[in-house]
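Report on one structure; see the data block that follows.
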There are 2 protein chains.
Amino acid sequence: MLRGHLVSADRDQEGPVRLPQWEALVVDAVGNVIDFWGFKRNQGRVWALLYLRATPMSAQEIQDQLGLSKGAVSMITRELEQWGVIHRVRPVNNSSWMFVSETDFMGMIGRVVQEREASFVARVKADLAEAERLARSSPDAPPEVVDRIARMRRLAQLIEGAVGAFLKTSQLNLDGVSGILKDSGETLQRGANEIRKRVRSRLLSGPRQNGGPS
Amino acid sequence: MLRGHLVSADRDQEGPVRLPQWEALVVDAVGNVIDFWGFKRNQGRVWALLYLRATPMSAQEIQDQLGLSKGAVSMITRELEQWGVIHRVRPVNNSSWMFVSETDFMGMIGRVVQEREASFVARVKADLAEAERLARSSPDAPPEVVDRIARMRRLAQLIEGAVGAFLKTSQLNLDGVSGILKDSGETLQRGANEIRKRVRSRLLSGPRQNGGPS
DNA sequence: TATATAGTTCAAACTGTCTTGAACCGCAAG
DNA sequence: CTTGCGGTTCAAGACAGTTTGAACTATATA
């Protein structure tokens, strides 16, 4: 690998930028986006690195390249794996897991967001409903107040609809261009060859027995 | 001074629930939503309280009712005012400002979110573009990498479109029901009367001179 | 079974954000 | 001009979420 001599020597040394600048830019951009959507910045960074390299990377490599701790890498990879945006493989001749990115990134993220949003909205709606009930049965609450609470419920309903539509549209857009992140034809071919070269033969799409995600 | 012993007596006392329960529920529900959208929880709580009461409230009242500090109320009201979701009025016979909620809450929030999102996306796109440029002109970057960066740019574009569509739809939905939060006919009448009773005459839609929002 | 290395866990440290509270400002009344 | 009070500001503190790092567990090899 080309980056070899640059990297491994100075491990303890806090090297601020060991990645080529274009990688750093992409990795951080994705990190920001993912952070914006309520995930951890480093989850996005790890995914982006794996996607850019398009070659299996060990936890150790990720740790070195992104300057994360052992623990952080363990946690982050597990989470990404749970969401299905990366998966781990174990080359037969190698005792450590390697990670590769899933290309259906947005689909997965979309599903997670949708789920999160759904339960959140459910909670809000329940609270407003309860408030309305209480206000109705309380002598202290004037009818206008009940009316206003009802209006907010309706508003919540509308927002829910809009968010649902957004997520669906978003999903469709991405489905429409069908695997926009996936390497196409020739490139994919090359990628596959490169992978094989690296790990020396078939990859075991790991039904993680060793402390895999619960 | 007399204010000392009177006020502070029950101020330090952490009154957990001084609001009727239905108000607490609504106020917190809105707080959660607003927090979810990347604003401060208490901004949502203050707006919700003003909306529910539908009557001008002083900073002091807000402070007491929601258990916030003087400073927090000042900051939060200023921010809400800047976004145009509340405004301050000064009754002629009264030396303190009173706050009232704007009913076009979602419209305003939508605009702010849109703005925030737009500049964020612009930044991300610029970073990806720069990364692509660098990768193209670097001998170390294989063409597949350039290709993958280009793909991510396209993805960013799509997401941007989806978000834009969402915000527009959301706006339309709310416009469609035209002022869903606004008190209608009769109720509005009553509300207005109530307001007049309380503040004792016309309200000055405040071109805040005294330390108003910049 | 012993050894070495990979991987996980979790309390403590860190980070960024929000809130507090006391000093300060400015206006209006005396 | 002084006093009283509403309002603002901002450094310090509280807090939530994230990361670290060292102890611990698991796995592979011999």
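The values are calculated or read from the model by the stated rules, or taken from the named source; none is laboratory data. Values in this document were obtained by computation on a predicted structure and should not be read as measured data. Cβ sites come from the backbone with ideal geometry, for glycine too, and all protein chains shown count toward neighbours. The protein model used for the area step is the full one, side chains on, heavy atoms only, and it has no ligands, DNA or RNA in it. Shrake-Rupley method; radii C 1.70, N 1.55, O 1.52, S 1.80 Å.
Using the structure shown, select from A:Lys40/B:Lys168; B:Lys70/B:Lys125; A:Lys182/B:Lys40; A:Lys70/B:Lys168 the pairs with a Cα to Cα distance greater than 32 angstrom.
Those over the limit are B:Lys70/B:Lys125; A:Lys182/B:Lys40; A:Lys70/B:Lys168.
How many Å² of accessible area per residue for region B:106-176, probe 1.4 Å?
Ligands and nucleic acids excluded, the figure is 49 Å² per residue.
Just to confirm my numbers, what's the Cα centroid distance between region A:23-84 and region A:109-125 in Å?
Spelled out, the Cα-based centre of one part sits 24 Å from the other.
For B:Gly179, place a label point 7 Å from Cα along the Cα-to-Cβ direction in every copy; what are the distances to the other copies, in nm, shortest first?
Its label point is 5.3 nm from the equivalent points in the other copies.
Can you tell me what the convex hull of the Cα atoms of region A:106-176 projects to on average, as an area in nm²?
Averaging across all directions leaves 4.5 nm² for the Cα convex hull.
Would you mind checking which residues have amide H under 5 Å from B:Glu102's amide H? H placed 1.01 Å from N; only 5 or more apart, or other chain.
For B:Glu102, the qualifying residues are B:Ile86, B:His87.
Using modelled amide H (1.01 Å from N, peptide plane; none on Pro or chain starts), what sits under 5 Å from the amide H of B:Ser58, excluding residues fewer than 5 places away?
B:Phe99
Measuring label to label, 7 Å along Cα→Cβ, what does A:Gly38 give against each other copy in nm, shortest first?
Label point to label point, same position, other copies: 1.3 nm.
Within 10 Å of each Cβ in peptide A:160-172, how many partner chain Cβ atoms are there on average? Round it to a whole number, please.
4
In Å² (nearest 100), what accessible area is buried between A and B, both sides summed, heavy protein atoms only, 1.4 Å probe? If you can, show how the numbers build up before the last one.
Details: alone 13570 and 13800 Å², together 22250 Å².
For chain A against chain B, roughly 5100 Å² becomes buried.
Ranked from highest to lowest mean number of other Cβ atoms within 10 Å per residue, what is the order of the peptides B:161-173, B:132-144, A:78-90? Could the numbers behind the result be given before it?
Values: B:161-173: 17.0, B:132-144: 15.2, A:78-90: 19.5.
Listed from highest to lowest mean packing, they are A:78-90, B:161-173, B:132-144.
Can you list the distances in nanometres, one decimal and ascending, from the A:Arg154 label point to the identical position in each other copy, with the point 7 Å along Cα to Cβ?
4.4
Carbon and sulfur: what percent of region A:106-176's accessible surface (1.4 Å probe)? Intermediate values should be presented prior to the final figure.
On the way: 1930 of 3440 Å².
Accessible surface attributable to carbon and sulfur in region A:106-176 totals 56 percent.
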